[in-house]
Amino acid sequence: MCIRDRYTSEAPAGALEGVRYGSFAINVADEATLASRHEGREVCFSEHCQARYREWLAQQYGDIAALNARWGTDYAGFGEITGATTEDVRGTSNFAPFVDFRTFMTDVWIDGMRRITAAFQQGAPETRVGHTNTFGAMPTNGNDFWKLCTQCGFEWAQEYSEAIKGNAQKAVFELWRSFLPGRTGEDWPNYGWIGYDHRHQAVTYEPWWLAFHDSGGVTYYATNAVAPDRGKSWALIYPTQALTPYARDVAETVRDLREGIGKTLIEARRADPDVAILWSHPSLLVAWCESEWDQAEPPETAVNDSYGSYFKSAFYFRLALQELQLMYNYVAPEQVLAGELARYQVLFLPFTSAISDELADALAEWVEGGGTLIADVRFAITDERGAPRDDGVLERLFGVRRTQPAAIYEGIDLTGPRVASFTTSAREVIEPIGDAQADASYPDGTPAVISRDLGEGHTIYLNCLLPKYDPAAVAMVRELLADAGVERVVSVDSGDPEAPALAWECARYELAGAEIVGLIRDHRLCDEPQSCAVDFGRVAHIYDMRAREYLGETRASMVTLGPGEAACFAVLPYEVTGVQLVGAGNAFRATVLSDGAVGDHVLHLSVTDPAGNPAPAYARNLLATGGVADLRLPLAVSDAPGEWTLTARDVLSGVSATAGIDWQP
């Protein structure tokens, strides 16, 4: 019985059992993948799957001659074919038999997830169905994130995120966010797991990182989890229900999120970035085939071969963008072919070894129209199925020719007129052709950076892998992006060239004319507090949302953050002059006041009883459309009589107003 059949038949009963206990969401299974990340088994070779695979191949190729031409084989018919393994293709020049089989098995897994999700939805139509903890993409686990995000029908997730997983292969939360545009947050929550690291800098970092990446919420592991045999506790509460010291630290950290900033980020829209990064699952499979690594989880050391380098390429480029306070989205080949690159100025192709002719044509058209295309090593060594291709696409787009087919993986310095020296771990033996120009080189003269104009646009070939962090590499990326017209709307400057701003990531959101700027420092990348000048890109009314302080009508402000700390600022075109509460009984209208037109705001409502004690059951966050919100305090007949106090605080500015309620039940 296939996975899709077994679990589809069991899903409706499981859904009904969850609903019985009040579940608001269901996971298809805990940490579900096609194959274990620990074993990396290559499945499935059952007669059932192999028969389906042959049918799939026939649909893909049409006739056996087309398959033989692509694979370099001489099969008489599809019935002779069996799925290829790693051992079958490593050391050969054609990886298509493996890439096709792994693509088919990924499709089997995705189809299974889709069917299981639909079955759960049939059993519990009002309950969200989703996925928890993919552990990233690997050759055999079925996780092509474009397909996982767009074809399974998931309505929520609990993904291990970059907030807790600081390595390249598991940096996948941003793939979920990118491939669900406009749906993440409240409409499509991804309540990332956190809480495994109880150090203060991790406590302060993890929930805010998720908030700045459209999570819509967080999941703490765990309320009362302990492992006595390991001498380990993750618990938030003692058996007495008292908070643990860790829980008290958590409560303080998330207070501002719970008291309105989280709601504001959910209501706001993440600003559109100028930079995109291509997601290519076939390139992962080709990198695996070229590699000698034999474990599903890749290494991440100073020097790795193709498999480890595939993951490092995208992740280290992301880290460079973060050092420049720039945001990005992933895009899939399907999106490029649909014309969605028009919204971006720069596209980075990380270790994109597999590319179709159609995608190459679309990229050329986009560049000729004014885009900037950046690629690094092993670009276009195969087509999208893993069949070898010549350097035609590489020459057409980048003006580069390989003079040696294999890549070299070793630590070596590159330098050049525009590039200060830094150490890289991968390169190829290449040469520029035509009008392409070398901008940096290795000691033996091999070009390290090659650029060329193409129509109205520009291409850049990085014959290197960016290091995880190097000021010279970051400076190179800054220059390349500036040449492409990418502006740093928000920038952070230490004022000290010897100690530049380090690990200051920026997230920008828009809320009806207001801009929200989040800044956060990754405690795994820095050791000391740092004070920097933050330039918000324009003169505006700036508010420190966490300090609830007006910083004035200005363009810049000094900000100090320690490792793991986060700040959040409102950048408004008007000054908030007050909040007005008008009403009678327990019904009120709250209005944000200003000397100009007011956009949308979020109000945090807090209540104290006649004895002056907080009444947290009545606290809530409320969207004030156009600065106006109607509210009612639903006091109960069992509540104490007397003067209750309602406070409405504008979350963007920190300005508040109070009103009294004479409650006589």
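The values are calculated or read from the model by the stated rules, or taken from the named source; none is laboratory data. A quick note: this is a predicted structure, and the numbers were derived from the prediction, not measured. Positions of Cβ are backbone-derived with ideal geometry, glycine not excepted, and every protein chain shown enters the neighbour counts. To get the accessible areas, we keep the full protein, side chains included, count just its heavy atoms, and leave off ligands, DNA and RNA. Shrake-Rupley method; radii C 1.70, N 1.55, O 1.52, S 1.80 Å.
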Task: Using distinct alpha-carbon pairs, which all enter the 1/r mean, Kirkwood radius of the chain in Å - done: 27.2
TODO: With 5 Å bins from zero, work out the P(r) of segment 394-434 over every alpha carbon pair and list the percent per bin.
DONE: 6, 20, 20, 24, 23, 7
Task: Magnitude of the charge dipole, the chain, Cβ model with Lys/Arg +1 and Asp/Glu -1, debye to 20 - done: 1460
Task: Calculated log₁₀ intensity ratio I(q)/I(0) where the Debye formula runs over C-alpha points of segment 173-295, q = 0.20 Å⁻¹ - done: -1.08
- [ ] Take peptides 336-348, 648-660, 302-314 and line them up by average Cβ neighbours within 10 Å, highest first, as a rough protection proxy.
- [x] 302-314, 648-660, 336-348
Task: Under the Debye formula (equal points on every Cα, no solvent term), log10 I(q)/I(0) of segment 90-195 at q = 0.13, 0.16 Å⁻¹ - done: -0.53, -0.76
Task: Whether segment 539-593 is rounded, prolate or oblate, judged on the alpha carbon gyration tensor where a/c under 1.5 counts as rounded - done: oblate
Task: Which of Ala332, Val129, Pro417, positive extreme of dipole for the chain (C-beta unit charges) - done: Val129
Open item on the list: With n ≥ 4 as the cut-off for DSSP H runs, can you work out [θ] at 222 nm for the chain, using -39500 (n - 2.57) per run divided by the number of residues, rounded to the nearest 500?
Closed with: -8500 deg cm²/dmol
Task: Dipole moment magnitude, nearest 20 debye, segment 531-665 about Cα centre, only Lys, Arg, Asp, Glu C-beta charged - done: 180
TODO: Report the FRET efficiency, 1/(1 + (r/R0)^6), for Ala533 and Glu80, where r is their Cβ-Cβ distance and R0 is 60 Å, rounded to 0.05.
DONE: 0.30
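Taking square-rooted eigenvalues a ≥ b ≥ c of the alpha carbon gyration tensor, is segment 250-371 rounded, prolate or oblate, where a/c under 1.5 means rounded and, failing that, a/b exceeding b/c means prolate?
oblate
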Open item on the list: Distance between the C-alpha centers of segment 482-550 and segment 106-129? Whole Å please.
Closed with: 41
Open item on the list: Report the Cα-based extents of segment 472-553 along its three principal axes, largest first, to the nearest Å.
Closed with: 36, 33, 21
- [ ] Can you check what the Kirkwood hydrodynamic radius comes to for segment 144-210, Cα pairs only, in Å to one decimal?
- [x] 12.6
Open item on the list: Taking 4 °C and 1.567 mPa s as the conditions, I'd like the Stokes-Einstein D for segment 606-665 in µm²/s, using the Kirkwood hydrodynamic radius from alpha carbon pairs.
Closed with: 104
Task: Value of Rg/Rh across segment 288-348 [Cα atoms, Kirkwood radius] - done: 1.07
- [ ] First check a/c for segment 213-279, with a ≥ b ≥ c the square roots of the eigenvalues of its C-alpha gyration tensor; if it is under 1.5, answer rounded, and if not, answer prolate when a/b is larger than b/c or oblate otherwise.
- [x] oblate
- [ ] Send over a whole-number figure in Å² for the accessible area per residue of the chain, probe 1.4 Å.
- [x] 40
Task: Alpha-carbon Debye profile of segment 524-665, log10 I(q)/I(0) at 0.10, 0.12, 0.14, 0.17 Å⁻¹ - done: -0.44, -0.59, -0.74, -0.93
Task: Average silhouette area of segment 334-381, convex hull of alpha-carbon atoms, in square nanometres - done: 3.1
Open item on the list: Once each part is reduced to its C-alpha centroid, what is the distance from segment 191-245 to segment 365-439 in angstrom?
Closed with: 44
